[in-house]
1. Of the conditions (1) closer than 19 Å to Gly122 by Cα; (2) open to solvent by 20 Å² or more (accessible area, probe 1.4 Å); (3) within 35 Å of the chain's Cα centre (by Cα), Gly183 satisfies every one except a single condition; which number is it?
2. Which one of these does Gly42 not meet: (1) touching an Asp or Glu at 6+ places or on another chain (Cβ under 8 Å); (2) at pLDDT 90 or above; (3) away from ligand 1 (no atom under 16 Å from the Cβ)?
3. Across region 141-180, which residue is nearest to Ala60 (Cα to Cα) among those that are β-branched (Val, Ile, Thr) and open to solvent by 30 Å² or more (accessible area, probe 1.4 Å)?
4. Just need a number here: residues in region 62-81 that are aliphatic (A, V, I, L, M) and more than 15 Å from ligand 1 (Cβ to nearest atom).
5. Confirm whether Gly82 is within 13 Å of ligand 2 (Cβ to nearest atom) and either within 27 Å of Gly191 (Cβ to Cβ) or modelled with pLDDT under 80 (or both).
6. Take residues that are in the same structural domain as Asp317 (by TED's automatic domain parsing) and of a type in the set (Asp, Glu) and tell me which of the strands (runs of 3 or more DSSP E) falling wholly in region 167-286 contain 1 or more.
7. So the check is Cβ under 9 Å with 6+ separation or different chains; which pairs have a first residue in region 275-294 that's under 16 Å from Leu314 (Cβ atoms) and a second one that's modelled with pLDDT under 90 and of a type in the set (Ser, Thr, Tyr)?
8. In region 297-342, which residues are more than 33 Å from the chain's Cα centre (by Cα) and open to solvent by 70 Å² or more (accessible area, probe 1.4 Å)?
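The values are calculated or read from the model by the stated rules, or taken from the named source; none is laboratory data. This one's a predicted model, so the numbers in the text were calculated from it and none came from an experiment. Here the Cβ positions follow ideal geometry from the backbone for every residue, glycine too, while neighbour counts run over all protein chains shown. Quick note on the areas: whole protein, heavy atoms, side chains included, nothing else; ligands and nucleic acids left out. Shrake-Rupley method; radii C 1.70, N 1.55, O 1.52, S 1.80 Å.
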Amino acid sequence: MAAEQTGDTTGFDRTLEEGDANMSMSGFERHFVALSKGKGSGFQDISGCSGADAIQDGRAAIFADLDNDGDADIFSTTWTQGAGPEDLGRPGHLVYRNNVGAEQGWIRVTLEGRASGRDAWGAEVRVTSALGTQTKVKMGGSGFVSQFDPRLLFGLGEATSVASIEVKWPSGLRQTFPGVPAGTSIRFIEGQEAGEVVEEQRFVLAGPDTHPVVKVPGINLKRGRKMRRLRMGPVDQPASAYDKQSWVKGEPFVVNFWATWCASCDEEMRDLQRVADAHGLKVYGVNLDGDKGRAQKVARFAEEHGITYDLVGLHPDDVEEVFRKGKIRIPLSVLVGADGVVVDIVEGWDRTHRNRVIALTRSP
Ligand SMILES: [Ca+2]
Ligand SMILES: [Ca+2]
């Protein structure tokens, strides 16, 4: 799948640094989908509304009618799904179900060579209908170690039939077959006079599973589960007075666990502040300093680093709600979707993590 560089509205520098976790070898290009506007009329960028504009590092895209319903679906392989640190280097596979234009006509042509070799790679098929003549060449595919659907699918729009189908076999043989109604899948065998209709079973592709439940080592929160409520309160009040708090409803948010003694928390918090400012993201900064002198330390830290989002304290008994055996591992950010479900748990911080937070602000 071709890709294009996106404009980053936050003004962040996306240069990769050596050792960047979850890195992109293509500079965080989003997958690009172009819609043909018809012969000679160019293409339109439909990446965003197609839903196929993933930010993962694409390696191959395969076009195939996976559910046999007469439209091309897309399968793509990526370097990583980027869901968490444990996903580093783990290949991610994405299936894009095509739900557009289900009422439009199509025909499918399967070829079986004889003199040309059974697969008939390189055969040319011309389908003539009210739309004009469409030509497709049977190819093994393109993209890294991948292969397309070997069956040739022709979209017919509102046409209800095709007038004729011509096959030019690699052996040089040319055959012209009579038309068929839209919705027909037909197989031609080289040299045989008539094609045979193929009965195809339709499949239902499983719905998107956007929140697989995933454990993160050392952390008592899980991706795919509701973000649990915690006893929190103002940093200038004793933690013993804190009560369970509700999170913001109907919008995504980030819960960042930090402490004034955490050396790398400041960079993360400045980044979160920028995303909060640029995208209106709700951020909770949950402070893990002890009661003693906390209000002054937090106020000083916030002023020094320009943090204006909510900074709150956590009841010590709730530390174990987040960290296994109460063992604090920070920086830690929990990215929560508008439905209150944890979509990502980010440990440590580097530049690529910002993209995951920015992606959260764009999630439905
Ligand atoms: Ca399909
Ligand atoms: Ca479909």
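1. Exception for Gly183: condition (1).
2. (1)
3. Restricting to residues being β-branched (Val, Ile, Thr) and open to solvent by 30 Å² or more (accessible area, probe 1.4 Å), the top hit is Val145.
4. Of the residues in region 62-81, the ones aliphatic (A, V, I, L, M) are 62, 64, 66, 72, 74.
Restricting the remaining residues to those that are more than 15 Å from ligand 1 (Cβ to nearest atom) gives none.
Of the residues in that region, 0 qualify.
5. no
6. Values: elements: 174-178, 184-189, 214-216, 219-223, 230-234, 243-245, 253-258.
Result: 243-245.
7. Asp291/Ser240
8. Across region 297-342, the qualifying residues are Lys297, Arg300, Glu303, Glu304, Pro316, Asp317, Lys325.
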